[in-house]
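Have a look at the structure below, then the notes.
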Amino acid sequence: MRTQDPVFWEDTKRAEAQMKIVKELKKWIELYGELHAATEELSLAYEYVREGVVDEAEVDSAYARALAMVENLEFRNMLRQEADQMSCILKINSGAGGTESQDWASMLMRMYLRWAEANKYRITINNLQEGDEAGIKTVTMQIEGDYAYGYLKGENGVHRLVRVSPYNAQGKRMTSFASVFATPLVDDTIEIDINPADYTWDTFRSGGAGGQNVNKVETGVRIRYNYKDPDTGETREILIENTESRSQLDNRENAMRLLRSMLYDLALQKRMAEQQKVEAGKKKIEWGSQIRSYVFDDRRVKDHRTNYQTSDVSGVMDGKIDGFIKAYLMEFTGGEDSSAEK
């Protein structure tokens with residue numbers, strides 16, 4: 001095998017890129033093997049039920065398993081963009097409205113955490129700023145695992161909550177907003193040029209739970225990166241804070257990784273915008289626009305881009321959002337050209 005040749009590993013980045021391809025192909029082979037076994041089991045179950053060995057419930061169960069595997073492969077096959085296979089940085093910001101919006105942001109955070117846990121992704125909280133009375137002002141977390149970004153990229157935008165507020169003495173129905181940003185988490189195999197003259201570092205004391213070192217040692221880091229927008233010529237700033245570790249060095253390394261991911265995402269969004277100009281018959285996707293409403297009193301969650309909706313509000317808030325993810329991918333990624341990323 002080429003991977004056993006010492007020469008193969010002389011160019012580390014090239015070798016890592018090749019190993020990613022090998023890993024992906026191996027995963028497809030494993031999934032096909034599992035599906036083949038499931039269809040064989042279904043075929044046998046069908047024969048057995050005719051012979052009276054098993055009942056129809058077991059056939060239905062075998063059919064459901066095989067169908068779920070087929071749908072999973074079809075779903076995975078839609079995610080062909082380079083970034084789709086990557087892990088994800090997910091950032092949630094509360095909107096205007098104080099405690100109510102901050103509480104809503106924390107509810108969204110829990111929703112995505114439950115979804116990630118159910119899909120066995122590795123979760124890391126990079127930065128969390130708690131609300132003044134309840135909830136959170138902002139959170140940045142890494143969701144690591146295959147296709148995390150591909151699944152979550154459609155969550156970009158403003159999420160609207162309508163409910164009778166527990167923080168309103170009159171018991172009025174209130175509307176709150178929170179924004180969600182999904183960014184692909186890059187690794188060392190992707191080249192991102194960053195000029196050291198364009199960024200500065202600050203350190204600060206971490207807040208919140210974390211032990212005796214909290215608020216005593218400046219382990220939190222803040223990086224400010226200034227760049228010129230190629231379209232407008234205006235100077236813009238990317239601000240990243242990282243308080244994940246008690247080690248300032250570790251926080252610096254991860255903040256730089258987050259910055260590289262943000263810059264990669266900017267380039268990705270530019271390519272997507274150019275691609276959308278020539279695509280016909282698709283709705284325009286505006287990052288930051290209102291994408292979904294969660295109306296608790298009416299027991300309804302609706303995505304305004306796909307019109308997919310469900311009455312299972314509690315299930316959605318417990319992380320059962322695959323229906324929304326699939327509806328988005330079916331409508332907006334079916335015609336994507338994988339060559340656009342190359």
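What follows is calculated from the coordinates using simple rules that are stated; it is not laboratory data. None of the values given here were measured: they were computed from a predicted structure. Every residue, glycine as well, gets a Cβ built from its backbone with ideal geometry; the counts of neighbours run over all protein chains shown.
Once you list every other residue whose beta carbon is under 13 Å from the beta carbon of residue 143, what net charge do they have if Lys and Arg are +1 and Asp and Glu are -1? It works out to a net charge of +1. Pairs 302/326; 120/302; 26/120; 270/320; 153/228; 172/320: which exceed 23 Å Cα-Cα? Result: 120/302; 270/320; 153/228; 172/320 exceed 23 Å.
Multiplying the residue separation of residue 234 and residue 19 by 0.36 nm and removing their Cα-Cα distance gives an extension gain of 73.4 nm.
Provide 151, 112 in ascending order of the number of other Cβ atoms located within 10 Å of each residue's Cβ, fewest first.
112, 151
Placing pseudo-labels 7 Å out from each Cα toward the beta carbon at residue 78 and residue 27 gives an inter-label distance of 1.7 nm. Packing, taken as the mean count of other beta carbons within 10 Å per residue, orders the peptides 119-132, 225-238 from highest to lowest as 119-132, 225-238.
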